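Asks: Quick one: the structure is below, and I'll ask about it shortly.
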């Protein structure tokens, strides 16, 4: 067998030697990037009129570039695949036509000979592979840019999955990081992205995210964390990990028999309720995406499995993000700002979360956010479905791309994960009702005991503001039909009375100040035949201001109650 392994290594060395040559990889990556940049600049400088035909040519150019990127990524592997997946989440940086092509970039490459994997396992274990495994299938069941996965058995017959880091993968990524730095330098000097985006921060994020994936102990810790966090979550299972056999380059976990969560033939064969699967997945993702803590940032169907009994299994915790508690509060504050028409609050939340760049025109951003929000919230929220949700997410990405907003990696991944999950839910259960399932969750999230911001407390504080549109679309969406119509009527009346009181309070105040000023002036000048008129105006103004103030106060008190 050792002779066969040596021959395999020699063969792979001869056929794919160029992949491991630094200057070759860097040249391919940098040249492709420069070519794309020149094509884009030439197109924009030669096309003065952007009619429908020009837009179609522009989309065609972007598709061709994305296809070329994907071909090179599959051929070279390494950073190009991972960076392509990273870019597919960056609607704030790339056009949708390019992103759609990258979304089809499958993290699957040609498997390396088993000899390499065996060598890595034995180096990390410090003993022969046979000391811990009774059997291992030398044909990998999955081959990705970072690791190969094999099915094996422990000596007691327990089936396990063994994930092994690919041959020289760290070296390949280090080469690609150098190429990426050159590309980012070119972008910063010769394109608008140098001003619009914080490219050094983006580079650091890419390096940090991918470096974490290269250390399997990080994935081990993540897996154990999720195992503990969701141990009591009904109908959800996370595989056990073998800590004593796992290293930086080798990960050993429980083998799970099942199928992809979107395998409808498997679902029908085992008579699994599709609505129940979708609801379990929805609840699982809501728990991760809305509340502080870690979330699985790559929940595609390959990482979501089904057991024959309908249990949802989550695997592969190499890519995770985190919603920090401070950011969770900022997000809640932003949502409250949307509800209360208080867009200063939304901008404050964006600043707190480091979404806005230093050169951001906050007034312009505020205006654009308000226009975009009104377009959706003035509609019928009950018509929201998975397809409309995808449209909203795409529009949000386009909006972010045009504004001085750069999402931190965690939140770019959060947006990508949300989009993936919506697609999975639609595939599993096309009749999914996101509104109905989301109502109790949103109520809990906005007014839960753990929230340091209470929606109703803030509403009470803001009742003295002229904009009394209060919970508008979200409250309409949270309430049932009859109460919704009742609330609409009352809310409209309250808004009109509020503006009425404010207007007449101001008029009464002017009468009071004007009359009092006139009286003081006449008294200082020795009296006047108009003294009586001054007293009448002052009295009317003061009395009106007092009466209107009392009525306004009572209305506000009623709203608070």
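Asks: Suppose R0 equals 35 Å. What FRET efficiency, 1/(1 + (r/R0)^6) with r the Cβ-Cβ distance, do residue 344 and residue 50 give to the nearest 0.05? Don't skip to the end; give the middle numbers.
Replies: Numbers: r = 35 Å, r/R0 = 0.99.
Efficiency computed from Cβ-Cβ geometry: 0.50.
Asks: When ranked by the protection proxy of mean other Cβ atoms within 10 Å per residue, highest first, what sequence do the peptides 41-52, 117-128 form? Working shown, then result.
Replies: Numbers: 41-52: 9.6, 117-128: 16.4.
Ranking, from highest mean packing down: 117-128, 41-52.
Asks: Taking the number of other C-beta atoms within 10 Å as the exposure measure, put 287, 436 in order starting with the fewest. Each step should come with its number before you reach the end.
Replies: Working: 287 16, 436 9.
If I rank by nearby Cβ atoms, fewest first, I get 436, 287.
Asks: Continuing with the same structure: Give me the Kirkwood hydrodynamic radius of the range 207-332, using the inverse of the mean 1/r over all pairs of distinct Cα atoms, in Å to one decimal.
Replies: Working: mean 1/r = 0.0642 Å⁻¹.
One over the average 1/r among Cα pairs gives 15.6 Å for the range 207-332.
Asks: How much FRET efficiency would the formula 1/(1 + (r/R0)^6) give for residue 141 and residue 279, where r is the Cβ-Cβ distance and R0 is 30 Å, rounded to 0.05?
Replies: Rounded to the nearest 0.05, the efficiency is 0.50.
Asks: A further question on this structure: At 0.36 nm per residue, minus the direct Cα-Cα distance, what do residue 218 and residue 437 gain on full extension? Give it in nm, one decimal, please. Write out the running numbers ahead of the final one.
Replies: Working: separation 219, 0.36 × 219 = 78.84 nm, distance 3.35 nm.
Using 0.36 nm per residue and subtracting the Cα-Cα distance, I get 75.5 nm.
A short reminder: the numbers here are calculations on the coordinates, not readings from a lab. These numbers were taken from a predicted model, which means no experiment stands behind them. Positions of Cβ are generated from backbone atoms using ideal geometry, with glycine treated the same way; all protein chains shown enter the neighbour counts.
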